[in-house]
């Protein structure tokens, strides 16, 4: 499980820590073992931290009286195993590559945080570390949300970094995401006498044509450019092979920039589709980049001055809702997350750890 180590060595190369974490299977809902390993390692090797366990969430923080506090957060769970455990290492011309479930999403990010927790006892900002469960499943099980509800004092801070894979580049904020269902009605009839009915599936032609012609916005928010989207993601309809359907449902996903509230985004979707019956299935708000925050600016400088917009939704939105500026920064290509061939360059893991050390040290 830990490559021959009795305890996870937080002073080791962050790439080795990543491999050890990957080898601990931790599919959502089954994080007990990895939470135990993380807690034990922190208690043995980071005695300068206050440590608390809450379910399968492990919390740790400094209390140095610094004028600002940074929250570093990472989830410990993965999607289900897909013949991609244990981890394995590949030597390439560009350097070593670590393969395995969670190497990108997001045990590389967790490893950098654990390494810093043990090796940076006197950071210039107070730091809170949050290693949480159930990020890859429904939102009401998310461990970060549990801490927000049950131990809210552990999420007090001035700035947050979520260790989600970002190609080692700061990704500011995140898009909002909304799913809506469009319902078209009709009238049942035998398909041999179709003229006696009204085909609800055919009625989807109008909304689908609207989507085909839709031109999404690109908008600049706090210096970063976000690209929006409006896409059909599911079609349902039909009751039998010889019946004209009397109802059809089109599910549409809207990704919207952080200059819009969910209410404004919904108003836009209603305007696009006009009189078609529409209902919201779920919605998660966006987060502004917040890179003008002085602490955020320190991180940008530590990383070399580069930052891009996050195209997607992450838990930085939860921090934004608490009034805390937050960014994504972690090793790995997010396009590889959840893929069977998930892999990360070991040098990128080390580089992110060094950026964070410059920022906090």
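Of the residues 73, 96, 165, 160, only one is modelled with pLDDT of 95 or more and more than 14 Å from the chain's Cα centre (by Cα); which?
Residue meeting the stated conditions: 96.
Of the strands (runs of 3 or more DSSP E) that lie entirely inside region 258-341, those containing 2 or more residues that are more than 24 Å from residue 15 (Cα to Cα) and more than 16 Å from the chain's Cα centre (by Cα) span 277-284. For region 293-312, the tally of residues that are modelled with pLDDT under 90 and surrounded by 12 or more Cβ atoms within 10 Å (Cβ to Cβ) stands at 3. Per the listing 21, 8, 59, the residue uniquely in a helix (DSSP H, G or I), at pLDDT 95 or above and within 22 Å of residue 352 (Cα to Cα) is 21.
Can we say residue 241 is assigned to a loop (DSSP other than H, G, I, E, B) and closer than 30 Å to residue 187 by Cβ? Judged against the criteria, residue 241 is a match.
Of everything listed in (1) at pLDDT 90 or above; (2) under 20 Å from residue 179 (Cβ atoms), the single unmet condition for residue 333 is (2).
Taken over region 114-156, residues that are in contact (Cβ under 8 Å) with a residue 60 or more places away in the chain, farther than 19 Å from residue 29 by Cβ and in a helix (DSSP H, G or I) amount to 9. Residues of region 198-250 that are under 22 Å from the mean Cα position of the chain (by Cα) and in contact (Cβ under 8 Å) with a residue 60 or more places away in the chain: 221, 222, 223, 224, 225, 226, 227.
The values are calculated or read from the model by the stated rules, or taken from the named source; none is laboratory data. Keep in mind that what you see is a predicted model, and the values were worked out from it rather than measured. In this analysis, Cβ positions are derived from the backbone assuming ideal geometry, glycine residues included, and neighbour counts consider all displayed protein chains.
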